[in-house]
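Data block below; observations after.
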Amino acid sequence: MAGIINQTSKTTDGAQTSIVDGKQHILLLPAWLIIGVLLVIPVILMLVYSFLTQDFRGGVIWEFSLEAYDQFFFDRGLFGDEPPSIEWTYIGIFWRSFLQALFAMIFCFLIGFPTAYFIATRAPQSRSFWLFLVTIPYWVNLLIRTVSMKFLIRDNGPINTWLLSGGIIDEPISMINTNFAIQIGLFYSYLPFMVLPIYASIERYNFALSEAAADLYSSRWVTLFKIVIPSVKPGIIAGCILVFIPSLGAFLAPDLLGGAKNFMIGSLVEEQFKGQAGDWPFGAAVSMILLSIIMVILLFYARAQIRQNDGGH
Amino acid sequence: MDKAKTANNNKTHAIDILSVTKIYPHRTHPVTALNDISFAIEDNEFFTLLGPSGCGKTTLLRMIGGFEGITKGQIQLYGEDISTLQPNQRPINTVFQQYALFPHLTVFENVAFGLKRLGRDRAFIQKQTEAMLELIRMADFAHRKPNQLSGGQQQRVALARALAPQPKVLLLDEPLSALDLKLRQAMREELKDIQKKTGITFIFVTHDQEEALTMSDRIAVMSNGEVQQIGTATDIYDHPINHFVATFIGEANILSASVTKINKNSIMATLAAGGGSVEVATDLAMTKGQKISLMIRPERVKIGKASRAKSALSGVVQSISYLGTDTQLHVSLNARQETELNTGQSNGEIIIARQQNHGDGGSPFHKGDAVSVTIAENALRILQD
Ligand SMILES: Nc1ncnc2c1ncn2[C@@H]1O[C@H](COP(=O)(O)OP(=O)(O)O)[C@@H](O)[C@H]1O
Ligand SMILES: [Mg+2]
C-alpha cells in the first residue's frame, strides 16, 4: 500500500543516498531478504507448479505439463477426447469476480471519498481521531469480522429481527448467500484502503484552489468535479487499485457470505489447495492468470501516471 | 474618515465599506481583526491597503471577495449590498497570494476558466483568453502547465485569469511578495499599466510601503484592525496624521514640543530638546501650553557648521552612514543654548538627517563634529496621537 501512495508524494533528496553508498547494500539486506523470501520465491514456486502434473493424492508430480492452462481455457469433453471448445466456467467466474470487485470499488469510492474529504477538512488536531475511528475494525481479524457480518445479515439475524419487530418488513429479507452479501463483505473489508490514500491526497490539496474556483464563478459541485477530484486523482486511483485488486482475489467474503453458487476466483483457488481433492497445478495456473491480469491493469495505471507527469500535452 | 461616512449614499463608489467589524470567533481568544472601519473606494481607482503583517488587510480583502463573513456592518459594490453573496455571485475576481493556479489545467485553460463558468460562447472565450495572454505577454506559453512556468510567469497568468471575466473590481493580495526584487519592480510598472489599460478598479494589499507609494492612486494605511489614514502617496508621506503613519511610511523624527503662541493658521512651539522656537502651520484647535508631537522627515533636516546663531539648534554628530544616493547622520541635540550650558553635553535626543550625495566624496562631517541643525520652513507636522 505504502508504495502506491508514495508514488504520488515527493521523492526524497537523492544526494543523501550517495553518501552512504558503501554501507547501503548491507542496510538494504533485510529488505531484499523479505522481498525475496516472501515475494519472489513464492511467485516462482507458483509459476513452476502451474506447469507441473497433478498428483491425485494432492501435491504435484514433477513432470512438465500444460494441462492446467488447457483445463482453464478449453473444454475437451468428459473424457478429454473431443475437439476443444472454449471452456466458459472459469472465464465466467473471472468475469463475475471482476464485476464484484468493480462494484465493491465503486461503493467504496462513493462512501470513502466523502469520508476522506470530511476527515481532511477537520481541524488538524482532530483528524487523527477520525482516522483512528476508521481503523478500529482492523483490530479484529478479517475472518472474525466476516463471520460476524454473516451473523448480522442472516435471515434470523439482528437486522432482520429488528426490521420485522419494527413492522418495516413482513418477512425476513434474505441477504445471506447473495451477491449483495458479498458486496457488503468486500465493502466492509476494504473501505479503509479507499479512505486512507484519498485522505492523504486531500490533506495535501491546496484549498486555495477551491477558493480560486469559487472566485471564478464555480458552484460547489463544479469546483468538486473540475478542480478537487482532478487534483486528488492520484489518491483516488491508488484507493481504487487497493480495493479492486484484493476484492478480485478475495475468498473469505465470497465463501462465508456468498455461498456456493456465488463462486469467485479466491474460492476457486482455495478449493484447489484444500484437502485431497485439490488440483495444485490448476490452482497455481488460476493464480498466475489472475496475477497476469492484475499486472496488466497496473501497467496501464503506471503508463497513465507517467503520461500525466510528463504533462504539457 | 468623515469624508467616507458622508459619501455612503453616493452610488458612483466602486466599493463602500460601512462600519465593518470582523471578529474571528474562538472559545477563549476571539480575534478582532477589523474594528468598525468605514471608507469608500472610487471607480477606476488603484487603491492600496498598506499596513504591517497582521493588521487585517487580508481579512478585509477576503470579505470583499466573499470568502470571509462579516461580523457587523455592510459592504456595497456600486451602491448594492453584496454582504450576503457567495464568492461566485460577486463580479469581483482575486489574484491570490500564492497564485492558486489550477495545476492540472494549461495556461490557456486557467485563463479561460472563469469565462467558461459564466457560460460565454466559445468564440468569445477564445478571443478574450487570447487577448488576456497577449496583454501579459504569455501567448507563447498558452499550452504549458503552471509548474512549467517561472514565478513571475505564474504571477502574470494569475493576473490574466482574474482579469479575463472583466470583473468590476480586482483584488490583489500581496501579489508581488514572492518575486525577487528586480522582477517585483518590473511588475509594479506592468500592474499599474494594466490597471490603466483595463480601467478596472484595483484593490491592492501590501506591507511594502515603497510598493504602495509608487503604484497607488490612494492608500489606506492600516494598523491593528483600523484605518489610520487614507490619502494619496504625497498626502501620506508629507502629511501623516499620527505617530503610526509617520513612522510606518519612510523615516521620521518625532520631536516633543509645547505650544507657546496661537496664530491664525499656525502656532509657535518650543522644542523640548534644544529649546528652539518653531512655527508650525496647522488648522487644528490648540491651546497654549499644550504638549504636542512634531514630525520632520530626515531629508528636511539641514546640518551645517556649528554657529552661534540663536535660531539654529546645535548638536554633535554621533554616526554617519553612507547610503549611496544619500548620507544619513545621527545627531544628538544639545541642551538649550539660552542657558549657556552648551558644554557639548548631549541631552540624549537624537535627530536623523539625510543629505543628498553629489559624488564628491560624501559628507563633509565626521563623527564627533559639533554642528548646527536647521529645520526647513514648513517641514514640521503636528501629529495627533
Ligand atoms: N482564520 C482566522 N482565524 C483566526 N484569526 C485569524 C484568522 N485569519 C486571520 N486571523 C487574525 O486576524 C488578524 C488579521 O489577519 P490578516 O487579515 O491575515 O492580516 P494581514 O493580511 O494584514 O497580515 C491577525 O491577528 C490574524 O492572526
Ligand atoms: Mg495578509
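The values are calculated or read from the model by the stated rules, or taken from the named source; none is laboratory data. Keep in mind that what you see is a predicted model, and the values were worked out from it rather than measured. Don't worry about glycine lacking a Cβ; one is built from the backbone with ideal geometry, like all the others, and counts go over all protein chains shown. Surface accessibility is based on the protein's heavy atoms, side chains included, excluding ligands, DNA and RNA. Shrake-Rupley method; radii C 1.70, N 1.55, O 1.52, S 1.80 Å.
Things to note:
- Here residue B:103 clears all of (1) more than 16 Å from ligand 2 (Cβ to nearest atom); (2) within 26 Å of the chain's Cα centre (by Cα); (3) not hydrophobic (A, V, I, L, M, F, W, C) except the condition numbered (2).
- All conditions but one from (1) modelled with pLDDT of 90 or more; (2) surrounded by fewer than 11 Cβ atoms within 10 Å (Cβ to Cβ); (3) not aromatic (Phe, Trp, Tyr) apply to residue A:184; the one that does not is (2).
- Count of region A:223-232 residues which are at the interface with another protein chain (Cβ under 8 Å from one of its Cβ atoms) and surrounded by fewer than 18 Cβ atoms within 10 Å (Cβ to Cβ): 1
To keep it simple, each residue is scored yes or no on (1) among the charged types (D, E, K, R); (2) modelled with pLDDT of 95 or more; (3) under 27 Å from residue B:87 (Cα atoms); (4) touching a Cys at 6+ places or on another chain (Cβ under 8 Å).
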{"position": "B:151", "(1), (2), (3), (4)": "no, no, yes, no"}
{"position": "B:178", "(1), (2), (3), (4)": "no, no, yes, no"}
{"position": "B:183", "(1), (2), (3), (4)": "no, no, no, no"}
{"position": "B:189", "(1), (2), (3), (4)": "yes, no, no, no"}
{"position": "B:255", "(1), (2), (3), (4)": "no, no, no, no"}
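- Candidates A:101, A:123, filtered to the one that is among the aliphatic types (A, V, I, L, M) and in contact (Cβ under 8 Å) with a residue 60 or more places away in the chain: A:101
- Scanning region B:40-58 for residues that are away from chain A (no Cβ under 14 Å), surrounded by fewer than 20 Cβ atoms within 10 Å (Cβ to Cβ) and within 6 Å of ligand 1 (Cβ to nearest atom) yields B:53, B:54.
- Check on residue B:4, modelled with pLDDT under 95 and either away from chain A (no Cβ under 14 Å) or more than 15 Å from ligand 1 (Cβ to nearest atom) (or both): yes
- Residues of region B:79-107 satisfying the condition of being within 24 Å of residue B:198 (Cα to Cα), modelled with pLDDT under 95 and among the hydroxyl-bearing types (Ser, Thr, Tyr): B:99
- Listed conditions (1) away from chain A (no Cβ under 14 Å); (2) surrounded by 14 or more Cβ atoms within 10 Å (Cβ to Cβ); (3) away from ligand 2 (no atom under 16 Å from the Cβ) are all met by residue B:12, apart from (2).
- Candidates A:212, A:253, A:238, A:200: the one that is of a type in the set (A, V, I, L, M), out of contact with any helix residue (DSSP H, G or I) (no Cβ under 7 Å at 6 or more places or on another chain), surrounded by 19 or more Cβ atoms within 10 Å (Cβ to Cβ) and not in a loop (DSSP other than H, G, I, E, B) is A:212.
- In region A:141-187, the residues that are among the small types (Gly, Ala, Ser), part of a helix (DSSP H, G or I) and more than 12 Å from residue A:255 (Cα to Cα): A:148, A:165
- The residues in region B:192-211 that are open to solvent by less than 40 Å² (accessible area, probe 1.4 Å), away from ligand 2 (no atom under 16 Å from the Cβ) and not aliphatic (A, V, I, L, M) can be counted, and the count is 4.
- Qualifying residue in region B:225-234 (condition: out of contact with any strand residue (DSSP E or B) (no Cβ under 8 Å at 6 or more places or on another chain) and either within 15 Å of residue B:58 (Cβ to Cβ) or within 16 Å of ligand 1 (Cβ to nearest atom) (or both)): no
- Residues in region A:87-109 that are out of contact with any Phe, Trp or Tyr (no Cβ under 8 Å at 6 or more places or on another chain) and of a type in the set (Phe, Trp, Tyr) were compared, and the one that is most open to solvent (accessible area, probe 1.4 Å) is A:88.
- Qualifying residue in region B:51-66 (condition: part of a strand (DSSP E or B), over 16 Å from residue B:174 (Cβ atoms) and away from ligand 2 (no atom under 16 Å from the Cβ)): no
- Test for residue B:69: is it within 16 Å of ligand 1 (Cβ to nearest atom), part of a strand (DSSP E or B) and surrounded by fewer than 23 Cβ atoms within 10 Å (Cβ to Cβ): no
- Positions within region B:212-225 being open to solvent by 30 Å² or more (accessible area, probe 1.4 Å) and within 16 Å of ligand 2 (Cβ to nearest atom), in sequence order: B:224
- Some residue of region B:196-204 being within 27 Å of residue B:40 (Cβ to Cβ) and within 14 Å of chain A (Cβ to nearest Cβ): yes
- Taking first residues from region B:97-108 that are within 7 Å of chain A (Cβ to nearest Cβ) and within 19 Å of residue B:204 (Cβ to Cβ) and partners that are of a type outside the set (Asp, Glu) and open to solvent by less than 20 Å² (accessible area, probe 1.4 Å), the Cβ contacts under 8 Å between residues at least 6 apart in sequence or on separate chains come to B:100/A:209; B:100/A:212; B:100/B:158.
- Restricting attention to region B:123-149, the residues that are away from chain A (no Cβ under 14 Å) and touching a helix residue (DSSP H, G or I) at 6+ places or on another chain (Cβ under 9 Å) total 9.
- Among the residues listed as A:200, A:212, the single one being among the aliphatic types (A, V, I, L, M) and either at positive phi or within 14 Å of another protein chain (Cβ to nearest Cβ) (or both): A:212
- Any hit, region A:179-194, residues being under 30 Å from residue A:95 (Cβ atoms) and either without any contact (Cβ under 8 Å) to a residue 40 or more places away in the chain or within 14 Å of chain B (Cβ to nearest Cβ) (or both): yes
- Screening B:171, B:77 for residues that are of a type in the set (A, V, I, L, M) and within 16 Å of ligand 2 (Cβ to nearest atom) leaves exactly one candidate, B:171.
- The number of residues in region B:40-61 that are of a type in the set (S, T, N, Q) and more than 10 Å from residue B:205 (Cα to Cα) comes to 3.
- Scanning region A:258-310 for residues that are under 29 Å from residue A:184 (Cα atoms) and among the charged types (D, E, K, R) yields A:261, A:270, A:271, A:274.
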